[in-house]
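Okay, so here's the structure we're looking at.
Just so it is clear, none of the values below were taken in a lab; they were calculated from the coordinates. Computed from a prediction, not measured in an experiment: that's the story for all the values here. Every residue, glycine as well, gets a Cβ built from its backbone with ideal geometry; the counts of neighbours run over all protein chains shown.
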Amino acid sequence: MKTIGIVQHTVFSAAGTAVPWVKARGFRSLHRRMSEREPLPKVDEVDALIIAGGEMNVDQEHLHPWLREEKRLIEAALKQGKPVVGLCLGGQLLAEVLGAKVGPRGDWEAGWLDVDLQVKPGLAGFEAPGRLKVFQWHGYVFETPAGATRLAGNAWWPHQAFVWDNLALGFQFHPETTLAWSEECANDAELPKTGHVQSREEILRDGPLHQPPLQRWFERTLEGFLIR
């Protein structure tokens, strides 16, 4: 039985729809919650990794020392040919491990917003060009790592997803979002005010329309990337 390591950084930012997908596929889940000070999985304990989002940033190792260990885990998994999927903060960690620039853009991208998908033959979810409504919640951004293929972008930030060597799949947005989590974000007292940002009312309005197709797309993408 394949074991998927899931790294969750905070209570607020869970791995969303990835968790029931892993269970539905009959995989074993090795779920580690950094907010509970649980140890990271060892690379030889897992066949693949899903790295969730979080409120901290990649450059805050002084506040969260386990970030160093997590970056080493990601690097070790890739060296052993084990796939890694990174979601928002997870995508930023993945990009940094691969040598790309990661940092603050100066404003925020938040809400149900469009990204334009690029074609990557053989990669589920990216077989044809198209536009996808995704959930965004970030102020930091990554650039596409050298040697990787950029998979998605928009006018606010061109680097929204990438794939590297068919082993690393990084997302700047939150393909794993549940409707409940998007509503939690909308009701956050610290809803971002500047940038590519929807209002609370817009997020609550758009969630029921856009979350179900995003979930179907993400599950199909996971299916193609992690089942080999």
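Values computed for the structure shown
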item: Neighbour-count order for Leu67, Leu94, fewest beta carbons within 10 angstrom listed first; result: Leu67, Leu94
item: The range 3-226: antiparallel DSSP beta bridges as a percent of all, rounded to 5; result: 50
item: Ranking of Ile50, Ile6 by count of other Cβ atoms within 10 Å, fewest first; result: Ile6, Ile50
item: Neighbour cut-off at most 11 other Cβ (10 Å), DSSP loop, trypsin sites (Lys or Arg not before Pro), the range 28-100; result: Arg37, Lys42
item: For Ala152, residues with placed amide H under 5 Å, excluding near neighbours; result: Gln118, Gln160, Ala161
item: Entries of Lys2/Lys79; Lys2/Lys101; Lys79/Lys120; Lys79/Lys101 with Cα pairs more than 25 Å apart; result: Lys2/Lys101
item: Per DSSP, loop GluC sites (Glu not before Pro) in the range 108-205 with at most 12 further Cβ within 10 Å; result: Glu190
item: Along principal axes, Cα extents of the range 108-228, largest first, whole Å; result: 41, 27, 20
item: Neighbour cut-off at most 13 other Cβ (10 Å), DSSP loop, trypsin sites (Lys or Arg not before Pro), the range 108-207; result: Lys193
item: Volume in Å³ per residue [convex hull over Cα atoms, computed for the chain]; result: 114
item: For Val84, distant residues with modelled amide H under 5 Å away; result: Leu49, Ala168, Leu169
item: HN-Hα J in Hz across the range 177-185 - Karplus 6.51, -1.76, 1.60, θ = phi - 60°, x for Gly and Pro; result: 4, 9, 4, 4, 5, 4, 6, 4, 4
item: Most mobile listed residue (Val85, Val163, Val11) in the chain, GNM with C-alpha springs under 10 Å; result: Val11
